[in-house]
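**Student:** The following block contains the structure, expressed as structure tokens.
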Amino acid sequence: MSILFDWFMNFEAADWLGIALQIVLVYFFVLWAALVIWVARDVVARTKNIAFHVVAILLIIFLNFFGLLIYLILRPQKTLAESYYESLEQKVLGEEEEHCPSCQHDLPLSFHYCPRCGTEARTPCKKCKKLVSKDWQACAHCGAKQGTKA
Ligand SMILES: [Zn+2]
Ligand SMILES: [Zn+2]
């Protein structure tokens, strides 16, 4: 116990400074490594561009916080998963929601006339006679090309 006490008492101020400096260095190194890992994961989630990955990681390695700042400004706004779900959402909405060309009322694909205003929203296919929306280039049921006017 007394040995430990002696050791403690004999410590010079310079030694404490050295230890504090080491702790600070280790702290910054860990922070730096964490930043590099975070950016590497973030950039891979946002773009498939390998050149962008490399530039982003080099920015952090060499410029640290300034690099992070530059990266945050330049990085793509959305992650790949976000853009994927957004495009999926648009696709689903586009497929399921058609609207009456004159009053914009929702129009299920089986309707021929708009139930609200009576506009003829779809015409029968020239070949199979099933209903085809007026902006379709080809019949969705038999594939027959639909001219602008029959
Ligand atoms: Zn209508
Ligand atoms: Zn058809």
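We did not get these values from a lab; they are worked out from the coordinates using the rules stated. No experiment lies behind these values; they were computed from the predicted model shown. Glycine also receives a Cβ, built like all others from the backbone with ideal geometry; neighbour counts cover every protein chain displayed.
**Student:** What residue among ILE23, HIS105, ALA51 has its Cα farthest toward the positive end of the dipole of the chain, where the charges are +1 on Lys, Arg and -1 on Asp, Glu, each on the Cβ?
**Tutor:** Of the options given, the answer is HIS105.
**Student:** From the square roots a ≥ b ≥ c of the eigenvalues of the alpha-carbon gyration tensor of the range 2-77, which class results: rounded (a/c under 1.5), prolate (a/b over b/c), or oblate? Could you put the intermediate results ahead of the total?
**Tutor:** Values: a/c = 5.43, a/b = 3.86, b/c = 1.41.
Taking the square roots of the gyration eigenvalues as a ≥ b ≥ c, the range 2-77 is prolate.
**Student:** Computed FRET efficiency, Cβ-Cβ of VAL55 and ALA14, R0 41 Å: what is it to the nearest 0.05?
**Tutor:** Calculated transfer efficiency: 0.45.
**Student:** Hey, what do the phi angles of the range 15-26 turn into as Karplus ³J(HN,Hα) couplings, whole Hz, using 6.51/-1.76/1.60 and θ = phi - 60°, x for Gly and Pro?
**Tutor:** In residue order, the calculated couplings are 5, 4, 4, x, 5, 4, 5, 5, 4, 4, 4, 4 Hz.
**Student:** In nm, to one decimal, how far is the modelled label at THR123 from the one at SER87, with both set 7 Å along Cα→Cβ?
**Tutor:** If labels sit at THR123 and SER87, their model points lie 3.3 nm apart.
**Student:** Give me the one-decimal nm value for the distance between modelled label points at VAL24 and PHE62, 7 Å along each residue's Cα-to-Cβ direction.
**Tutor:** Using points 7 Å along Cα→Cβ, the separation is 2.6 nm.
**Student:** Where the centroid of each part is defined by its Cα atoms, how far is the range 119-150 from the range 39-75 in Å?
**Tutor:** 50
**Student:** When only Cα pairs under 8 Å and 6 or more residues apart are kept, what is the percent relative contact order across the range 56-150?
**Tutor:** Numbers: 89 pairs, mean separation 11.1, N = 95.
Taking the mean separation of contacting Cα pairs over the length of the range 56-150, I get 12 percent.
**Student:** Here are some pairs, LYS48/LYS134; LYS48/LYS145; LYS91/LYS129; LYS91/LYS126; LYS91/LYS145; which of them have Cα atoms lying more than 32 Å apart in this structure? Intermediate results must be reported in sequence, preceding the final value.
**Tutor:** Working: LYS48/LYS134 38 Å; LYS48/LYS145 38 Å; LYS91/LYS129 26 Å; LYS91/LYS126 27 Å; LYS91/LYS145 23 Å.
Pairs exceeding the cut-off: LYS48/LYS134; LYS48/LYS145.
**Student:** Filter the GluC sites (Glu not before Pro) in the range 42-150 down to the DSSP loop ones having no more than 15 other Cβ atoms within 10 Å, then list what survives. Write out the running numbers ahead of the final one.
**Tutor:** Values: sites: GLU82, GLU86, GLU89, GLU95, GLU96, GLU97, GLU98, GLU120; in loops: GLU97.
Within the range 42-150, the qualifying GluC sites (Glu not before Pro) (loop, at most 15 other Cβ atoms within 10 Å) are GLU97.
**Student:** Give the value in nm², to one decimal: projected area of the alpha carbon convex hull of the chain, averaged over all directions.
**Tutor:** Details: hull surface 75.8 nm².
With every direction weighted equally, the projected area is 18.9 nm².
**Student:** Roughly what would the spin-label model give for THR79 and HIS105, points 7 Å off Cα along C-beta, in nm?
**Tutor:** Between THR79 and HIS105, the label points sit 4.3 nm apart.
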